[in-house]
1. Considering only Phe131, Trp193, Val150, whose Cα is most displaced toward the positive end of the charge dipole of the range 7-209, charges sitting on Cβ of Lys, Arg (+1) and Asp, Glu (-1)?
2. Return the loop-located trypsin sites (Lys or Arg not before Pro) in the range 161-203 (DSSP other than H, G, I, E, B) with at most 11 other Cβ atoms within 10 Å of their own Cβ; answer none if there are none.
3. State whether the range 94-150 is rounded, prolate or oblate according to the following rule on the C-alpha gyration tensor (a ≥ b ≥ c being the square roots of its eigenvalues): a/c under 1.5 gives rounded; otherwise a/b larger than b/c gives prolate, and the remaining case gives oblate.
4. Using a Gaussian network for the chain with springs between C-alpha atoms less than 10 Å apart, which of these wobbles most: Asn184, Asn92, Asn160?
5. For the range 39-85, what does the alpha-carbon gyration tensor say about shape, rounded, prolate or oblate, given a ≥ b ≥ c as the root eigenvalues, a/c under 1.5 as rounded, and a/b over b/c as prolate?
6. What fraction of the DSSP beta bridges in the range 7-209 is antiparallel, stated in percent and rounded to the nearest 5?
7. Please identify, among Glu125, Glu33, Glu189, the residue showing maximal mean-square fluctuation in a Gaussian network model of the chain using a 10 angstrom Cα cutoff.
8. State to the nearest 20 debye the size of the charge dipole of the range 1-142 about its Cα centre, where the only charges are +1 on K and R beta carbons and -1 on D and E beta carbons.
Amino acid sequence: MKSFIDAGVEEYLYAMLPPRPPVLAEMERQAKERDIPIVGPAVARVLYQYAKLVGAQTVFEMGSAIGYSTIWWALAVGESGCVIYTDGSEKNAREAEGYFREAGVLERIEIKVGDALELLEKHDEKFDILFNDVDKRDYPRVFDMAGARVRQGGLFITDNVLWSGRVAEPDPKEESTRAILKFNQQLKESKEWFTTVLPLRDGVAVATKL
Ligand SMILES: C[S@@+](CC[C@H](N)C(=O)[O-])C[C@H]1O[C@@H](n2cnc3c(N)ncnc32)[C@H](O)[C@@H]1O
């Protein structure tokens, strides 16, 4: 993935991160070895921090893979909170469950396997945070659903909104790039969300529900 930060500065940034608990460090190793696209520790710390800032108790995560970001949410919401893990892969979910147990957060996570958009549709409550990390072509549809699923003052956070810089291509043909462009435009034009984009790793959009 192309970085937006000078390589030396990026290396420094990651070197300055405090060590993670062993289970998260092991997941980072696994992700690197097996090419699993996790948010990584710099973005994960931002997620944790935002969750703390809004006093999040409920998080719905769309696209959880082996559960790396899920664990950060679970740590942030604490024992009284609840995080919904979603992924299309049963195999990912079983692996994630093992990590949740190891991290001591299994009780505060609901594991759901299936299409994250369909799973979200089944919920009519509003969450403190909705985290979007599904296939990029689905981002515009996720935007359409998000307004009804986040409480006022809550957050809609989306990863990969700069898509390795492809969003700045003059005439992108790739479906995923076009979907991200549409999604970013939806956020920009929305009166419902106040959005900032953090150019960290692959770009993170943080939208507050007005
Ligand atoms: C980028 S990875 C998630 C990484 C995770 N958020 C983390 O940072 O640790 C995306 C995951 O979402 C899954 N996925 C993509 N689209 C999905 C959908 N519509 N429903 C459920 N899972 C989906 C993929 O199979 C993959 O495991």
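Every number here is computed from the coordinates shown, using simple stated rules; none is lab data. Note that the structure is a prediction, hence the values are computed from the model and not measured. FYI the Cβ positions are ideal-geometry reconstructions off the backbone, even for glycines, and counts take in every protein chain you see.
1. The Cα lying farthest towards the positive end belongs to Trp193.
2. On the way: sites: Arg166, Lys173, Arg178, Lys182, Lys188, Lys191, Arg201; in loops: Lys173, Lys191, Arg201.
Within the range 161-203, the qualifying trypsin sites (Lys or Arg not before Pro) (loop, at most 11 other Cβ atoms within 10 Å) are Lys173, Lys191.
3. Values: a/c = 2.44, a/b = 1.74, b/c = 1.41.
Cα axes put the range 94-150 in the prolate bin.
4. Largest GNM mean-square fluctuation: Asn92.
5. Working: a/c = 1.92, a/b = 1.17, b/c = 1.64.
Since a/c reaches 1.5 but b/c is at least a/b, the shape of the range 39-85 is classed as oblate.
6. Working: 11 of 28 bridges.
Once the DSSP bridges in the range 7-209 are tallied, antiparallel ones form about 40 percent.
7. The residue that fluctuates most here is Glu33.
8. On the way: 17 positive and 25 negative charges, 45 e Å.
Taking the Cα centre of the range 1-142 as origin, the dipole is about 220 debye.
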